[in-house]
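So the structure is just underneath, and the comments pick up after that.
Any read-out appearing in this document is the output of simple, stated calculations on the displayed coordinates, not a laboratory observation. Keep in mind that this is a model prediction, so the values were computed, not measured. Methodologically, a virtual Cβ is constructed for each residue, glycine included, from the backbone with ideal geometry; neighbour enumeration extends over all protein chains shown.
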Amino acid sequence: MQNKITHVIKRSGAIVPFNQDRIINAIYRAAVAVGGRDKDKAEGLATQVVELLNKKFNEKTCPHIEDIQDIVEKVLIENGHAKVAKEYILYREEAAKKRDEEGRINSKLNENIPWAKVWRNLDWAVAHNLNTVELLNERIANGEFAQIVHESEELYEDDVELAAKLIIERLKDLRMVMISGPSSSGKTSTTVKLEQKLIKKGYKFKALNVDHYFFDLEFHPKDEFGDYDFETPQALDLPLINEHLVKLSQGEKVQIPSYDFKTGTRTLNVTPMKLEKDELLLIDSLHGLYPDFSKDISSEVKFKLYLEPLLQMKGPDNKYIRWTDIRLIRRMLRDFAHRAYNPTQTLEHWHYVRSSEMRNIIPYSNSANFIISSAMPYELCFYSHKLGKDFIEWEKKYKGDPLKIDAYERAARLAELLKHIAPVEDVSPVPHDSVLREFIGGSSIVH
């Protein structure tokens, strides 16, 4: 049957080109969430959806996105995929709930925000005259940039030191420490720093690289742009991770798999690992707090750390600077330096990264035993210098593009913010073991 559907009406009212791959990806992601990994089946179901769309609509009419999602549910249920349909419906309901909440003022405090930590950071910012962009600029104008760097690094180091003390207090029962947090929150540097502090105190570690537990690339979900999605927890073999963590916590030996990113394939049973009685397992992972990651591990034997750049600084609009915007810029710089990824690509894909975080990472932040803030108030000055003009250009580029609404809104917000921040080019005051070096380059602890 020839496809008559050429365009779709989005919820915003914008009319955009129809893309069948997005239906395939949506069905496949729902299937992966319940343990299925048959892409051919997802493609076949998507074809049925398109056939039904062609029967219901003609060349002169455009289906609404809700019409398409209704038909996807119908096809999944009629083909006996009840579990996949349930996951798809739940995801759809969550998205609708999120839109409703964003569309009205919510008087209830957001339970995902670590309020105690936020108040502590705000108090520190006020005491150091760093709670507004205007005050930051004043201190820089007074020649205090190096002092701001020192104060910011000291606050972060105090957090890491306290985390180390809390871990030591529980060493009698602990077997593993999980360092988690959303993209570009500084997990890698913090893991190394934490390890260094504990080694100095005489403790021993083994690190578990969770990347080796990725499924083969052909079984990965894709995002709506057709790129493979490494951000979702379902990209990892969670049952195998959980099984290995149980055995390691009990002192048993396991065979760690090996993942080859060049070929996108995994080989099972490659590297033997066993925890000795005086050793801790260190795990750096986006999804360390995700329940299925360690569901069979007793809370007594694991210590969970969560990272987020909890900056408490108001911009010129009298609104607090968004933590996700800080991480977006960090990721832009890191992707460009280490993954040959153009910052434009990072910006265009960020809404998908953010969606995955809001569903799979941030809701579990308050289950952490301790929260570390990796925010450096001075980092904004480097971003103003490096990317300020780029965000102005991105704002112009995406304006009026119905397919790039999220990229436009982020670009416009950051273009306005960065043009009010005093730019700084010289990074020499930043210590080479700073968490920020993970993103601006020159790190002595992360390679």
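In percent, what relative contact order does the chain have, based on Cα pairs under 8 Å that are 6 or more apart in sequence?
Across the chain, relative contact order equals 18 percent.
Rounded to the nearest Å, what's the spacing between the alpha carbon centres of the stretch 309-348 and the stretch 107-147? Just the number, please.
Centre-to-centre distance over Cα atoms comes out at 17 Å.
Tell me which trypsin sites (Lys or Arg not before Pro) from the stretch 340-447 have a DSSP coil assignment and no more than 15 other beta carbons within 10 Å of their own.
For trypsin sites (Lys or Arg not before Pro) across the stretch 340-447 that sit outside H, G, I, E and B with at most 15 neighbouring Cβ atoms in 10 Å, the list reads K399, K419.
Pairs of Cα atoms under 8 Å, at least six residues apart: use those to get the relative contact order of the stretch 121-216, whole percent.
18 percent
Which chymotrypsin sites (Phe, Trp or Tyr not before Pro) does the stretch 335-381 hold that lie in a coil by DSSP with at most 16 other beta carbons within 10 Å?
Y341
Loop only by DSSP, 11 or fewer other Cβ within 10 Å of the Cβ. Give me the trypsin sites (Lys or Arg not before Pro) in the stretch 203-281 that pass, ordered by residue number.
Within the stretch 203-281, the qualifying trypsin sites (Lys or Arg not before Pro) (loop, at most 11 other Cβ atoms within 10 Å) are K253, K262, K277.
When Rg is the radius of gyration of the Cα atoms in the stretch 357-436 and Rh is its Kirkwood radius, what does Rg/Rh come to?
Using only Cα positions, Rg/Rh for the stretch 357-436 is 1.08.
Of all alpha-carbon pairs in the stretch 127-227, indicate the percentage at a distance above 19 angstrom.
63 percent
Simple spin-label model, 7 Å along Cα-to-Cβ: K201 to D426 in nm?
Using points 7 Å along Cα→Cβ, the separation is 3.7 nm.
Please report, for the Cα atoms of the stretch 1-87, the Rg to one decimal and the Dmax as a whole number; what are they, in angstrom?
For the stretch 1-87, the Cα radius of gyration and maximum Cα-Cα distance read 12.8, 39 Å.
Per-residue counts of other Cβ atoms within 10 Å, averaged by peptide: what ranking do you get for 420-433, 229-242, highest first?
Ranked from most to least packed, the peptides come out as 229-242, 420-433.
Find the lysine pairs in the stretch 232-283 meeting two conditions, Cα atoms under 14 Å apart and a separation of 8 or more places or different chains, and report how many there are.
For the stretch 232-283, the number of qualifying lysine pairs is 4.
What ³J(HN,Hα) values, in whole Hz, does the Karplus curve 6.51 cos²θ - 1.76 cosθ + 1.60 give for the stretch 201-216 when θ = phi - 60°, with x put for Gly and Pro?
So the J values, rounded to whole Hz, are 8, x, 9, 10, 9, 10, 9, 9, 8, 5, 4, 6, 9, 5, 5, 4.
Enumerate the lysines that K117 could reach by cross-link, defined here as Cα to Cα under 25 Å, with residues fewer than 8 away along the same chain left out.
Excluding near neighbours in sequence, the set is K98, K108, K165, K187, K193, K197, K302, K304, K314, K319.
With the crude spin-label approximation of a point 7 Å out along Cα→Cβ, what separation in nm comes out for K165 versus N318?
3.9 nm
So what does log10 I(q)/I(0) come out to for the chain at q = 0.06, 0.09, 0.11 Å⁻¹, using the Debye formula with one equal point on every Cα and no solvent?
Values, matching the q order: -0.29, -0.66, -0.98.
Take the Cβ-Cβ distance between N242 and A82 as r, set R0 to 35 Å, and report the resulting FRET efficiency rounded to the nearest 0.05.
0.90
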